[in-house]
1. Would you confirm whether or not the range 468-484 contains a residue that is under 30 Å from residue 269 (Cβ atoms) and either open to solvent by 60 Å² or more (accessible area, probe 1.4 Å) or among the hydroxyl-bearing types (Ser, Thr, Tyr) (or both)?
2. Mind telling me which of the residues 270, 278 ends up being hydrophobic (A, V, I, L, M, F, W, C), outside the structural domain of residue 573 (by the TED database) and under 13 Å from the mean Cα position of the chain (by Cα)?
3. Inside the range 323-381, can you point out the residues that are surrounded by 20 or more Cβ atoms within 10 Å (Cβ to Cβ), aliphatic (A, V, I, L, M) and out of contact with any helix residue (DSSP H, G or I) (no Cβ under 8 Å at 6 or more places or on another chain)?
4. Regarding the range 422-436, can at least one residue be identified that is in a strand (DSSP E or B), open to solvent by 60 Å² or more (accessible area, probe 1.4 Å) and farther than 30 Å from residue 576 by Cα?
5. Within the set of pairs 6 or more residues apart or between chains, which connect a residue that is touching a residue at least 24 places away in the same chain (Cβ under 8 Å) and in the same structural domain as residue 575 (by the TED database) inside the range 344-360 to a residue that is open to solvent by less than 20 Å² (accessible area, probe 1.4 Å) and acidic (Asp, Glu) with Cβ atoms less than 8 Å apart?
6. Of everything in the range 91-115, what is surrounded by fewer than 12 Cβ atoms within 10 Å (Cβ to Cβ) and of a type outside the set (Ser, Thr, Tyr)? Give them in sequence order.
7. Can residue 229 be described as among the β-branched types (Val, Ile, Thr), open to solvent by 80 Å² or more (accessible area, probe 1.4 Å) and either at pLDDT 90 or above or farther than 24 Å from residue 499 by Cβ (or both)?
Amino acid sequence: SLSEAWKHHKTVLKQFLTDFTSETSMSLALYTVLQKPIRDHVEQYILLLTKLNEVLKEGSEKDVVTSAIKEYLKLESFISQVLDEACLTKSLWKSLGYKFTDILCVPERRLLEDSKNLPISASTNRSDRVLLFDDVLVLIQGNSFQSFDLKLVWVDEDTKEKSAPGLYRLRIITPEETFFLSAKDPQMKAVWQWKLNQAVRQALNGKRDFPLWGKTGEGSEPPSCRFFTYCFRLEGKLKSASYEGEWHWGKPHGKGTLKWRDGRNHVGDFREGLEHGFGICLVPRQAEDRYDCYKCHWYEGKMRGYGICEYGNDMVYKGYFKDNMRQGFGILENLSAEHPFKYTGQWENDKKNGYGVWEDKDRGERYIGTWLDDHKHGQGIVVTQSGVCYQRTFHADKMVGSGILLLEDDSVYEGNFTEDLKFVGKGKLSFANGFILEGTFTNKLGQGLQTHGILNTSHEQLDDWITKAQLGLKEFPVEKRWKGIYDQFLEFIHSGCKEGMEESFTGFHIQTSKELRKSQEYLFCQRGAEDVSWKIEDILEELVHHQELESLQGYLEKALKSSLHPLGKLLKALTIAFQATYSGIGANRHLLTMAQEEVKYYAKKIWEFYQGLLHLALEQKGQLPAKGVDGDTSDQKAYSVVLPLILPCFYPELFMLYMLYHEREDDLYCQGIVDLSLFPDIKLLEFLDVQKHLWPLKDLTLTTNQRRSLIKDKCFLSATECLQKLM
């Protein structure tokens, strides 16, 4: 009567107990009102149905009555079992100390098994008693206890039993602990295993089995995959984190959400307790009300593969990660108005390392060269918005030694100069008209440029190879540029082109984090904007059928235009790298050959990548790839088949470079056209040596018959011929 459950229903209870005096004990009154009537009712039905069954003849009616008797008998045993459990639970609460009952005693909780009745002990003497309730498993040791929610308990056979005779153990797996229950004989172990599995399954279903042992064909083992929310308590990476999602054998496995108290959270795929697959992670920034948002591929708990990170300080990184660090090819862009910049290039250990392009939008400069630990280090080319271009050696962001400075007026300076392009120390200045000034240069404040040296005026105009000097070819061989892009795509082939990991290697066709999320839906649900299916199995299948040259060209053209085909993705990444180098500020005539060689190398690498895919496709079909050809033939194939298909992607940048390279010649040609346009018509016809019969008739002295003859016989044909010549 003191129980909270009865207090809530006091009014209803009083109506039931109106016939009882205050002298009657409450437990007896409750038994008489709540238990006895239903048990008597069921008993009477069983008796009635049994008598009816005896008088009925064999047939369908008798079968119906027989099955009804069975159901009522099941109900009778079910009621007895439930009441027995209630009695057992009541006596347990009386025998346990208040320290336990204050926390464990819940009105609806029932004891299913007790290690005092059915002996079993937990591993390493960790408990004096094991209690199995209908919702929790409790281990008691001394004055303390541990309870485990049955929805997150997995029961497994002990794999080491065979190596340890006489040991009959069950392995109990929970989110944070794994322990063993040891029985003295196999029968005891089997009973506990069955009871534990039944209890777990019923807890997951949210209801008791009816009949007691479950329906025929119903599995006694609970599912190993479950969906649940749990808060981690023990020390470790997940301490104080709350996980909601799919579980498998005690570990987050499948789709889920992980949240920490400090504001961090991770939504995505998990495998065996670790982030694995695609995931979105939010990390709060200290002392700022902002987050770093990582949308990335994960491998065994760490970022690995392609991802997009939107930092809280307005910077965005799009590129590859390894072990939670930026590694491989990547683009870092500062979108804030204060100091906008963009870096496109190689990363190692979270820092700019190797070949990369840096664009400083404030200064209007672009640096193309090598990096070491976030600093410009080694050979570098700087191109400015004004058209000036220079090549220097850098050491930790500082220029060292002498360099070459190519000015917009075609003059060339070789020697030492400052960052703001002032000549200092010994140097040689060659003017476009052939004059050469060689000596020591100084720049004093308010006095301008001063020099002490020799001016040589005997030389003729500078050669093109000086004024149009091509930079970067020796310093940055094409093989060493954009290695990070090729490495990822080749690794994808070596991994066997597994579809689930495709975007981890080849995700660079995605420009925004929103697209990255959408592309994940495409990856796992096979939805795409394109009509053509570019599933990896289909791609490998098609490659085998398109080996003939004509068929191959058509296939490659389609593949390279697609944003979902691996070859199309590779071309997209290379286009981004090319534009980062040669578009805008990078459009400088001194970089033309560097750009040409780069595009040719792209064709070679795309051909290599195609060959790798074909090799894999043939291997999977059990066919032998065609015999390897020598390097030259392979290069020729790349240039003849791939180059014409990829060139349109690079036309804008290449066209601008060609125009700048031939700017002087174009100016002279245009001036010539202007000069010619000043001639009168007849003078121009004479100068161009146009045949007389093509001149306008009004300028010729002819008889009427001659005129008619010219018009009739020659004019049309001659005009056609003239047009053809002009074309």
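1. yes
2. Sole residue among the options that is hydrophobic (A, V, I, L, M, F, W, C), outside the structural domain of residue 573 (by the TED database) and under 13 Å from the mean Cα position of the chain (by Cα): 278.
3. The one that is surrounded by 20 or more Cβ atoms within 10 Å (Cβ to Cβ), aliphatic (A, V, I, L, M) and out of contact with any helix residue (DSSP H, G or I) (no Cβ under 8 Å at 6 or more places or on another chain): 332.
4. yes
5. So the pair list comes out empty.
6. 94, 97, 99, 102, 103, 107, 108, listed by residue number.
7. The answer is no for residue 229.
Residues are listed down the side, and each one gets a yes or a no for (1) outside the structural domain of residue 581 (by the TED database); (2) modelled with pLDDT of 75 or more:
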residue	(1), (2)
655	no, yes
663	no, yes
687	yes, yes
693	yes, no
700	yes, no
710	yes, no
717	yes, no
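The values are calculated or read from the model by the stated rules, or taken from the named source; none is laboratory data. These numbers come from a predicted model, not from an experiment. Virtual Cβ from ideal backbone geometry, glycine too; neighbours counted across all protein chains shown. What goes into the accessible areas is simple: the full protein's heavy atoms, side chains included, and nothing from ligands, DNA or RNA. Shrake-Rupley method; radii C 1.70, N 1.55, O 1.52, S 1.80 Å.
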